[in-house]
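Novice: Let me give you the structure first, and then I'll get to my questions.
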Amino acid sequence: MARERRTHGDQYPIYGCLFGPTPMQSLDAAPILLPTAFDDVPLPPLKPGTHCISATHLQGIYLSMWGPWRESWEERFQDRSRALALLTPLPPEEREKSYGIPPELFVRIGVEFHLLEYHRLLAQLREREPDAVLNGAILIHRLDEPTLQSLLQAGPPAQMGRFAE
C-alpha cells in the first residue's frame with residue numbers, strides 16, 4: 001500500500017534528494033523525489049516546500065552538475081533565462097519564423113533552464129543554514145514562497161567567486 005503524501009502545515013509538499021536508501025520515517029511522509037545521478041527521476045517544478053536534501057547531494061557530489069556553482073553555468077543560466085523571457089510570450093510559429101527556434105528546441109531550452117535553476121538553488125542552499133538536520137545527514141530547508149523566490153532570484157551563488165574553473 002502506498003504511503004500518503006503529506007505536507008508540512010498542510011500547505012507545502014515535502015521534497016527529498018537522498019543518498020541511498022535513507023529512511024524518511026521520521027517525517028512520516030512519502031517525499032516528492034528530486035533527481036540524483038543514481039536514478040532517472042524527472043525534476044519536478046521548483047515550488048515551496050520542505051526540501052530534505054542529503055549533505056552529500058547538497059554538495060553536488062553525485063548530481064549531474066557536480067561540484068560548486070561555476071561561472072560557465074551561471075552564464076548558461078542567464079542566457080537560458082533571457083531566451084525564455086523573450087520566446088515564451090510568442091506563439092510557436094513566431095518563434096520559428098523570427099528566431100529559427102523550432103518547438104523541440106524551445107522545449108530543450110526550457111528543460112536545460114529548469115535543470116540549471118535547480119542546481120543553482122542547491123548552490124544557494126549551500127550558503128544557508130538548514131532549518132533542521134535529520135539523522136545527522138539530511139539537511140531540512142523549509143522554503144515558503146517568499147524564501148524560495150528570493151533564492152531563485154538572487155544573484156549568483158557566493159561560492160562561484162571562491163572557486164576557479
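Novice: Taking the criterion of being outside any helix (DSSP H, G or I) and either out of contact with any Leu (no Cβ under 6 Å at 6 or more places or on another chain) or more than 22 Å from PRO35 (Cβ to Cβ) (or both), would at least one residue in the range 71-88 satisfy it?
Specialist: yes
Each row is one residue, and each column tells you yes or no for (1) in a helix (DSSP H, G or I); (2) at negative phi; (3) surrounded by fewer than 19 Cβ atoms within 10 Å (Cβ to Cβ); (4) of a type in the set (Lys, Arg).
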| site | (1), (2), (3), (4) |
| --- | --- |
| GLU93 | yes, yes, yes, no |
| LYS97 | yes, yes, yes, yes |
| VAL111 | yes, yes, yes, no |
| LEU116 | yes, yes, no, no |
| ARG120 | yes, yes, no, yes |
| ALA123 | yes, yes, no, no |
| ARG142 | no, yes, yes, yes |
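Novice: Being assigned to a loop (DSSP other than H, G, I, E, B) and within 11 Å of the chain's Cα centre (by Cα) is the filter; apply it to the range 1-35 and report the residue that is modelled with the highest pLDDT.
Specialist: Restricting to residues being assigned to a loop (DSSP other than H, G, I, E, B) and within 11 Å of the chain's Cα centre (by Cα), the top hit is LEU34.
Novice: Right, here's the next one. For ARG80, only one of the following conditions fails: (1) in contact with a helix residue (DSSP H, G or I) (Cβ under 8 Å, 6 or more places away or on another chain); (2) over 20 Å from PRO68 (Cβ atoms); (3) surrounded by 12 or more Cβ atoms within 10 Å (Cβ to Cβ). What is its number?
Specialist: Checking ARG80 against (1) in contact with a helix residue (DSSP H, G or I) (Cβ under 8 Å, 6 or more places away or on another chain); (2) over 20 Å from PRO68 (Cβ atoms); (3) surrounded by 12 or more Cβ atoms within 10 Å (Cβ to Cβ), the one that fails is (2).
Novice: Note down all Cβ pairs under 6 Å where the first residue falls in the range 71-91 and is among the small types (Gly, Ala, Ser), the second is at pLDDT 95 or above, and they're at least six residues apart or on different chains.
Specialist: Hits for this filter: ALA83/ILE109.
The values are calculated or read from the model by the stated rules, or taken from the named source; none is laboratory data. Just so it is clear, the structure is predicted and the values come from calculations on it, not from any experiment. Neighbour counts are summed over all protein chains in view; Cβ atoms, including those assigned to glycine, are modelled from backbone coordinates with ideal geometry.
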